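The values are calculated or read from the model by the stated rules, or taken from the named source; none is laboratory data. Note that this is a predicted model, so its numbers are computed, not measured. Note that each Cβ is placed from the backbone with ideal geometry, even for glycine, and that neighbours are counted across all protein chains shown.
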Amino acid sequence: MKNASRKKYHFIYKTTCLVTRKHYFGMHSTDEMEDGYLGSGKLLRYSIRKYGKENHFREVIELVFDRQALCLLEAKIIDKHQLKDPDCMNLVTGGGSGDVTIEKAAKARLGQKLTDEHKRKISQSMKGVIHSEDACRKMSESKRGKQTWALGQKFSEEHKRKMRDGNRGQKRTEESRQKMRDAWKKRVNRGQKHTEETKRKLSEKARLREERKRQIVMVAPAKIRTWVPQISSSGCHPRPGRETGRVAGCQGLGEPA
C-alpha cells in the first residue's frame with residue numbers, strides 16, 4: 001500500500017462470512033478504524049460478490065505501532081498450517097509474500113462456467129502477449145516433474161468430434177513449423193528418452209502400418225500376348241483368333257507366321 005507506513009493505525013483483522021463461516025486474515029493500515037475495509041483476498045472478493053458486504057464481519061485481532069511490525073505479525077499468524085484450514089480464504093502466507101496455494105484456488109473455481117462474453121474478453125486480452133525468456137523458463141520449471149492434467153483422462157466422442165472440427169483445415173505457418181522443429185531438436189539434445197511403454201506403443205503402430213501395407217491387394221497386370229499383324233498375299237489384315245493363336249479374318253491362312 002502506498003504510504004501505508006504513514007497511516008495512524010496498523011492492525012491485523014479477521015473477516016468472517018456469516019453465511020459460510022469462512023474467514024480471512026489480513027493486515028491494514030488506515031487513519032480511520034471504521035473505514036469499512038473488509039480485505040482484498042481473491043476468495044474473499046468472490047465471497048463478498050456472492051453473499052454481499054452485509055453478510056461479512058470484520059474484527060480487529062491485534063493493533064501494532066508501525067507497518068514493519070505489522071508485516072512480521074501477519075507472517076506469524078498466516079502460516080502454512082493456517083492455509084491448510086479448509087475454512088481459511090487466504091491463499092498465501094502472511095508478511096507480504098508467500099507461495100500460492102494452487103490447490104485451494106483451483107477448488108474455489110471448480111464448477112464455475114465462464115460466459116461467452118467473459119471468454120471473448122480473456123481471448124482479446126491474451127492476443128499478442130509474448131512471454132519473455134525468463135518467464136518461459138519459470139513456467140517450464142514450475143511444471144517440470146508434474147503430471148499433465150489430461151493424463152489418463154478419457155474424452156467423450158462428442159468432445160473428440162469438437163476437437164477434430166476445431167483443428168480441421170488449420171494450416172501452420174512456416175514460423176510455427178520451424179518452432180516445432182527447434183523444440184523437437186532441443187528435446188532430443190536434452191537427452192530425453194522414450195519410456196519402455198512409449199517404445200512399445202511406437203513399435204505396435206509401426207507393425208500395424210506394415211501389416212496394412214501387406215494387406216493391400218496388388219492386382220497383377222493381365223498377361224498380354226504380343227501379336228504383330230502381318231499383311232497376307234491376298235491383302236487382308238488378319239486379326240487375332242482364339243487363344244490357340246490361330247488367325248481369323250482370312251480364309252486359308254492357317255497358323256500365323
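Within region 144-161, track down each residue that is exposed (fewer than 10 other Cβ atoms within 10 Å of the Cβ) and not in a loop (DSSP other than H, G, I, E, B). So that I can check it myself, show each step before the final result.
Taking region 144-161 and keeping what is exposed (fewer than 10 other Cβ atoms within 10 Å of the Cβ), we get 144-154, 156-158.
Listed by number, the residues that qualify are Glu157, Glu158.
Do we find that Lys22 is of a type in the set (D, E, K, R) and in contact (Cβ under 8 Å) with a residue 12 or more places away in the chain in this structure?
Values: of a type in the set (D, E, K, R): yes; in contact (Cβ under 8 Å) with a residue 12 or more places away in the chain: yes.
Yes.
For region 24-37, how many residues are of a type outside the set (S, T, N, Q), on the phi < 0 side of the Ramachandran plot and surrounded by fewer than 19 Cβ atoms within 10 Å (Cβ to Cβ)? Before the answer, list the steps.
If we filter region 24-37 for residues that are of a type outside the set (S, T, N, Q), which is where we start, we get 24-28, 31-37.
From what is left, the residues that are on the phi < 0 side of the Ramachandran plot are 24-28, 31-35, 37.
Next, only the ones that are surrounded by fewer than 19 Cβ atoms within 10 Å (Cβ to Cβ) stay: 31-35, 37.
Here the count works out to 6.
For Lys171, state whether it is assigned to a helix (DSSP H, G or I), within 22 Å of the chain's Cα centre (by Cα) and at pLDDT below 85. Give the steps one after another, and end with the answer.
Details: assigned to a helix (DSSP H, G or I): no; within 22 Å of the chain's Cα centre (by Cα): yes; at pLDDT below 85: yes.
Considered against the rule, which asks whether it is assigned to a helix (DSSP H, G or I), within 22 Å of the chain's Cα centre (by Cα) and at pLDDT below 85, Lys171 comes out as no.
Grab the helices (runs of 4 or more DSSP H) fully contained in region 22-130, keeping just those with 3 or more residues being closer than 30 Å to Trp149 by Cα and at pLDDT below 90.
Helices (runs of 4 or more DSSP H) meeting the threshold: 80-83, 102-109, 116-126.
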